[in-house]
Every structure is written in C-alpha cells, then in structure tokens.
Amino acid sequence: MITSLISMKGGTAKTTTAVNLAAYLALGGLRVLLVDLDPQNFATLCLGLDVQSLKCTLADVLLEERPMQDAVVSTGVPGLSIVPADRRLASSDVLLADVPGREKILKSRIDKLRHRYDHILIDNPPSLNLLTINALIASDNYVITVSPSFLSLVGLQSLLETVDVIKKNMHSKVELLGILPTMVDLRMKITTEIIDLLRSHFKEKVFKTVIRHNVKLLEAPSHGKTIFEYDSGSMGALCYIYFGKEFLSRCRS
C-alpha cells in the first residue's frame, strides 16, 4: 500500500509522522520504504543520512530518469529503507514543465518496486505543487496532518477541495485515510475546542489518536534517530505506537 502524508502548511509534524510511522511499521516486521519528496529533505536528515555522500537521490530519479532502485538506501531501523531527497527537487515544477505525463512520473518509477514492500510512505512538501500531485496519483490513500489552530482548519478544507479537483481531473482513485491532529497540547482550552470542532465536522475521518506535543519528538531529529531509537518510553513514542496501530487497522479495512 502506498500512502502520502500531506499538509498545506509547515509546522504540523508531517515529516515527524512520516518518519516515526515508517519506523513503527518496520519494527513490527513489515517491509517499509519511505520516499522523501520534500526538497527540504527533512525526512532524510531525520534518519541520520548525510545528503552530501549520497550517489543517487529522488531528484536523480525524477529529473535524470535514474531507476528508483538506485536511490534506495537502508537505514538504522531494520526493515526500513528510504529514497532520500535533495534540494534539486525544488526546481521540479520548472524542469518538468514540458515533459509529457509529468504528473505520473513518480507513479511510473514507484510501481516498478512496490511489490518489494508492504508499505510505501511518501513525505510531501508542505504545499500543493507538481511533486504533491505526483505523490497523490502514485498513492492508494493519503493522511493529512493538522495542528490544532483556526488557520489549520481553514487550510484543511481548502486542501480537501483541491485534492478532489485533482482526483477528478487526473482520474485518480486516491482516498483520504484520515486526518491526524498533531502538536496537541491538552493544557490549552483552545486545543480541545478545535479538536472537538474537527471531529464534529469530519466525523470518523479524524483519527482517534492525537500526537501530543512532546520535547523528545523535537530532540530526536537532531540526533538522526526515530523516536523509538531516541526514547522508546516517551509520550511521543507512545503516541506513534497508538497511531501506527490505528493506521494499520484502517489500511486493512
């Protein structure tokens, strides 16, 4: 199954979710591939990879027509591999502008190796551009990360409407797997109010799990580790265990 993690804005723990969900699935014995589609390459950095030493990245796959298998790199988590990114991806809208079928390039590359993995997760840039359109067309479903703020709710509705337009115009069958509240601080009254509003409007589309604000989740990337490697007993690790279980349950159903 191929799942895209998307958000219309930064600061919603999208990459943190992609990395730690991928780690949870791999530690559970599944074969997992994380595709870093964000030019900021934060997922690559979170897993401790040195971008300068990489011989092939996703930019080479999309822009230079290299096979995706050439870019697959093993990580410190058993069962978890990554296709790393670099900042050349930021130019993809311009460099691929005249390429026929440019919206389906990622799908054509990823389909050749999807049989090797139980789950493929795509970490998207925090915007809706050609890269994100490629990811949605290549994916079976998508997860939206949203922080509990009024502006995030406005952006969420806009994102869902835009994805519907993409699905209709590109004949995509990608489905919303769920909306994940992140960066949640339950000590703040406004947080509870916004999550209640989110659940009342989007019903069962909102995951039951919420990702609590946790300092260990903020510290782990600076050490190039997932939360399970950095502090497996933390609240952050517990949140991603609960989310991982709910994610698998939704995928099976």
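To keep it simple, each residue is scored yes or no on (1) touching a residue at least 24 places away in the same chain (Cβ under 8 Å); (2) in contact with a helix residue (DSSP H, G or I) (Cβ under 9 Å, 6 or more places away or on another chain); (3) β-branched (Val, Ile, Thr).
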residue	(1), (2), (3)
LEU159	yes, no, no
ILE166	yes, yes, yes
ASN169	no, no, no
LEU176	yes, yes, no
THR182	yes, yes, yes
ILE195	yes, no, yes
VAL206	yes, yes, yes
Which residues, counting only those in region 2-44, are among the aliphatic types (A, V, I, L, M), open to solvent by 30 Å² or more (accessible area, probe 1.4 Å) and either modelled with pLDDT of 95 or more or in contact with a Phe, Trp or Tyr (Cβ under 8 Å, 6 or more places away or on another chain) (or both)?
LEU27, LEU30
On the given criteria, is VAL61 among the hydrophobic types (A, V, I, L, M, F, W, C), open to solvent by less than 20 Å² (accessible area, probe 1.4 Å) and in a helix (DSSP H, G or I)?
yes
Could we say that ILE137 is open to solvent by less than 70 Å² (accessible area, probe 1.4 Å), in contact (Cβ under 8 Å) with a residue 24 or more places away in the chain and touching a helix residue (DSSP H, G or I) at 6+ places or on another chain (Cβ under 6 Å) here?
yes
Can you tell me which of (1) at positive phi; (2) open to solvent by 50 Å² or more (accessible area, probe 1.4 Å) is the one GLU161 doesn't meet?
(1)
Is it the case that ARG66 is of a type outside the set (A, V, I, L, M, F, W, C) and without any contact (Cβ under 8 Å) to a residue 40 or more places away in the chain?
yes
Does SER127 count as buried (at least 24 other Cβ atoms within 10 Å of the Cβ) and under 30 Å from LEU95 (Cβ atoms)?
no
Any residue in region 13-25 that is farther than 20 Å from LEU136 by Cα, under 11 Å from the mean Cα position of the chain (by Cα) and not hydroxyl-bearing (Ser, Thr, Tyr)?
yes
Out of (1) open to solvent by 40 Å² or more (accessible area, probe 1.4 Å); (2) touching a Gly at 6+ places or on another chain (Cβ under 7 Å), the odd one out for GLU175 is which?
(2)
Do we find that VAL154 is of a type in the set (Val, Ile, Thr), over 25 Å from ARG252 (Cα atoms) and without any contact (Cβ under 8 Å) to a residue 12 or more places away in the chain in this structure?
yes
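Which of the following residues is among the charged types (D, E, K, R), farther than 22 Å from VAL174 by Cβ, modelled with pLDDT of 95 or more and open to solvent by 60 Å² or more (accessible area, probe 1.4 Å): ASP50, ASP70?
ASP70
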Sort out for me the helices (runs of 4 or more DSSP H) sitting completely within region 198-253 that have 1 or more residues that are polar (S, T, N, Q) and within 24 Å of LEU30 (Cβ to Cβ).
235-252
Expected single match for assigned to a helix (DSSP H, G or I) and in contact with a Leu (Cβ under 8 Å, 6 or more places away or on another chain) among LEU151, LEU160 is LEU160
Specify which of the listed residues (ARG199, ARG212) is on the phi < 0 side of the Ramachandran plot, open to solvent by 60 Å² or more (accessible area, probe 1.4 Å), in contact with a Cys (Cβ under 9 Å, 6 or more places away or on another chain) and free of Cβ contacts under 8 Å to residues at least 40 places away in the same chain.
ARG212
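The values are calculated or read from the model by the stated rules, or taken from the named source; none is laboratory data. Everything quoted here is computed from the prediction, not taken from an experiment. Quick reminder, even Gly has a Cβ in these numbers, built from the backbone with ideal geometry, and neighbours come from all protein chains shown. Areas reflect the complete protein model, heavy atoms only, side chains present, ligands, DNA and RNA absent. Shrake-Rupley method; radii C 1.70, N 1.55, O 1.52, S 1.80 Å.
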